[in-house]
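Chemist: Here it is, the structure, as C-alpha cells.
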Amino acid sequence: MTHSFFFFALIGLAALSFLYGHRRIRAIAQRQPGKLHSQPRFHGALLALYVGVPPFILWGLWQLLMPLMLAGFLQDRLTTLNVSPSELGILLAQAQAVAAGDLNANFVADAVRDGATYYLSLQTRADQIFQAIAALLVIIGFSLGLRLIGLRSTVRTKVETFAMRLMLVASAVAILTTIGIILSLIFETIRFFASVPVSEFLFGLHWSPQIAIREGQAGGSGAFGAVPLFAGTMMITVIAMCVAVPIGLLSAIFLSEYATTRVRSIIKPALEILAGIPTVVYGFFAALIVAPALRNTGADLGLILSSESALAAGLVMGIMIIPFVSSLSDDVINAVPQTLRDGAAALGATPSETIRQVVLPAALPGIISAVLLAVSRAIGETMIVVMAAGVAANLTANPFESVTTITVQIVMLLVGDQEFDSPKTLAAFALGMVLFIATLALNAIAIYVSRRYREQYD
C-alpha cells in the first residue's frame, strides 16, 4: 500500500463517516422528541475523528519504527556471513538499495541478493500486518463513534477538546523543533571550539577553512577567523536597509495617508508581488543587470568596481526587503486611530504636519519592529549574495569589492561529501550559532520596543 493511496483512502473513509454521522443524528432527532445537545455537524465530526485519527497515528508510528525493525532483522540475517562490522554495514546498505530498486542486483554478491529478497518479504509481511491493524482500528473507531451519537450526547465538547489538544500538539511540535535546532547547534559548536579557540573564531582576521595541502600554506590546519564574514554580512545588510527602509516607509505613508482607494488597490498588490519572487530570480537580476550596470557606471566615473560587489548585492537585497517594511509599516500606520488625525486637523495642522508630528510618533514602535525584522531577513539571505557578491572572504570597508556573508559560508562548508569530525565542517555550526544569536537578539529587541513604547488608545 502506497502512502498516497493510504491517505486518500483514510480521507475518504473519514468523509463518509462524517456524512453518515450527520444523517444518523438527524434521523434520530426526527424519530425521538427532544432537543439536540450538539449540532449534527459535531456528531459527524466526532465519528470522522474516531475513524481517521487512530489509523493515522498508527501510520506515523509504523513509519518511524518499522524501518528500524526490518533493518535489524536483515542485519541479524547478514551477521551469519561472519564479516567485519564495516563490511556488514556495506552489505546492509547494498541489500536495502537492491530492495528499493536503486542498485542492480546483478552487480552485487549472492548473499546481498538473498538479503534483499528476505528484506522484501519482510516489507510485504509488514504491509499486510499494517493493513489488517488499520482496518481493525477503523472498524473499532466506527463502532465506538456510533455509540456516542445521541440526542443528549455531549459530542460538541469532545470535538472541541480534540481540537484544543491538536493545537497543543502543534505548539509542542514547534517548541520541540526549536529546542532540537538549538541543541544541535550547541553540541556541534562545542565540538568545533574544542579544536579552534573561541578568540581565534570571533576575532581572527583571516578566513580560510580549507585544510592546507603543503608546507607554508596559510593556515596549516585552516584559518577560522570569522571577522571578514561578520563585516561582509553587516556591510550588505546596511546597504540593503538604506534602500529598503526609506522606500518602504515612504510607500507605506503614501498608501495609508495619501493614496485613494483605487490607487491603493493597484500599488499595494504590486509591492507585495516583490515578496513572492524567488530569491534566485533576484540573484539573476543582480548578476546580469545590476552588477554590470554598476561596473560600467563606475568605469565612466573613473571608479574601479568588481564584477561581484557588496553594493550590487545590497541594492538588490534592499529591493527584495521593501515589501516587508512597507506592508508592516502600512498596517501599523493604519492602526493609529483616526481621532488623532482629526484632532491635529482641528488644531490647524496640515496633513504633512499631522503625519510627522502625530501619526509617525504614534506608529514608531511598530515601524522599528518592522525594520528590525527586515534586518533579520537581510542577515539570513544567501542566494543573492552568492550570485552578486561572491564567496571571497575579504575584510574590507569598500562596498565596490567582493565580500561574502555568514550564510554563504555555511552553504560552502556543507556542500559535497564532508566529514563531520573535521573543523572545516563543524565551523558551519559555529557560524549558524552566531547567526541564530544575532537574529534572536534582533527579534527580542523588536518585541521589547513594541511592548515598551506601544501606545494604548481608547
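The values are calculated or read from the model by the stated rules, or taken from the named source; none is laboratory data. Only a predicted model underlies this, so the values are computations on that prediction, with no experimental measurement involved. All Cβ positions, glycine included, derive from the backbone under ideal geometry; neighbour counts span all protein chains shown. We work out accessible area using only protein heavy atoms, side chains counted, and drop any ligands, DNA or RNA first. Shrake-Rupley method; radii C 1.70, N 1.55, O 1.52, S 1.80 Å.
Chemist: For segment 375-388, indicate whether the set of residues that are over 16 Å from I319 (Cα atoms) and acidic (D, E) is non-empty.
Modeler: No; the residues of segment 375-388 include none that is over 16 Å from I319 (Cα atoms) and acidic (D, E).
Chemist: Could you please give the count of residues in segment 363-391 that are among the small types (G, A, S) and without any contact (Cβ under 8 Å) to a residue 40 or more places away in the chain?
Modeler: The qualifying residues number 1.
Chemist: Let me ask something else. Taking segment 347-367 as the search range and keeping residues that are at negative phi and outside any helix (DSSP H, G or I), which one is most open to solvent (accessible area, probe 1.4 Å)?
Modeler: L347
Chemist: Among the candidates F142, F162, which residue alone is within 34 Å of the chain's Cα centre (by Cα), under 30 Å from H37 (Cβ atoms) and open to solvent by 40 Å² or more (accessible area, probe 1.4 Å)?
Modeler: F162
Chemist: Considering every residue within segment 421-428, establish whether at least one is modelled with pLDDT under 85, more than 24 Å from the chain's Cα centre (by Cα) and basic (K, R).
Modeler: Yes, segment 421-428 contains at least one residue that is modelled with pLDDT under 85, more than 24 Å from the chain's Cα centre (by Cα) and basic (K, R).
Chemist: Can you tell which of R41, R31 is in contact with a helix residue (DSSP H, G or I) (Cβ under 8 Å, 6 or more places away or on another chain) and without any contact (Cβ under 8 Å) to a residue 24 or more places away in the chain?
Modeler: After applying the criteria, what remains is R41.
Chemist: Could you count how many residues in segment 22-43 are in a helix (DSSP H, G or I) and within 45 Å of the chain's Cα centre (by Cα)?
Modeler: The number of residues fulfilling the criteria is 9.
Chemist: Under 7 Å by Cβ, and 6 or more places apart or on different chains, what pairs join a residue from segment 228-246 that is closer than 28 Å to L360 by Cβ with one that is β-branched (V, I, T) and open to solvent by 30 Å² or more (accessible area, probe 1.4 Å)?
Modeler: Partner pairs satisfying both residue conditions: V243/I319; V245/V371.
Chemist: Checking the condition open to solvent by less than 80 Å² (accessible area, probe 1.4 Å), closer than 26 Å to V243 by Cα and out of contact with any strand residue (DSSP E or B) (no Cβ under 7 Å at 6 or more places or on another chain), which residue from T425, T439 passes?
Modeler: None of the others qualify; the one that does is T439.
Chemist: Going by the structure shown, is V371 closer than 24 Å to T405 by Cβ, open to solvent by less than 40 Å² (accessible area, probe 1.4 Å) and not acidic (D, E)?
Modeler: yes
Chemist: Looking at (1) closer than 30 Å to A194 by Cα; (2) modelled with pLDDT under 90, which one does M234 not meet, given that it meets all the others?
Modeler: Evaluating M234 over (1) closer than 30 Å to A194 by Cα; (2) modelled with pLDDT under 90 leaves (2) as the failure.
Chemist: Kindly evaluate E401 against the criterion of being modelled with pLDDT of 80 or more and outside any helix (DSSP H, G or I).
Modeler: Yes: the conditions hold for E401.
Chemist: Just give me the residues in segment 1-56 being surrounded by 14 or more Cβ atoms within 10 Å (Cβ to Cβ), among the polar types (S, T, N, Q) and closer than 30 Å to F130 by Cα, in sequence order.
Modeler: Selection gives S17 alone.
Chemist: Shifting gears a bit: Select, from G298, G318, G314, the only residue that is more than 34 Å from the chain's Cα centre (by Cα), touching a residue at least 40 places away in the same chain (Cβ under 8 Å) and open to solvent by less than 30 Å² (accessible area, probe 1.4 Å).
Modeler: Only one candidate passes the filter, namely G298.
Chemist: With respect to V83, is the statement that it is open to solvent by less than 60 Å² (accessible area, probe 1.4 Å), free of Cβ contacts under 8 Å to residues at least 24 places away in the same chain and outside any helix (DSSP H, G or I) true?
Modeler: yes
Chemist: Those residues that are closer than 20 Å to I267 by Cα, open to solvent by less than 70 Å² (accessible area, probe 1.4 Å) and not hydrophobic (A, V, I, L, M, F, W, C), I need them from segment 326-346; list them, please.
Modeler: The answer is S326, S327, S329, D330.
Chemist: Here is a follow-up. In segment 87-128, how many are open to solvent by less than 80 Å² (accessible area, probe 1.4 Å) and in a helix (DSSP H, G or I)?
Modeler: Qualifying residue count for the region: 27.
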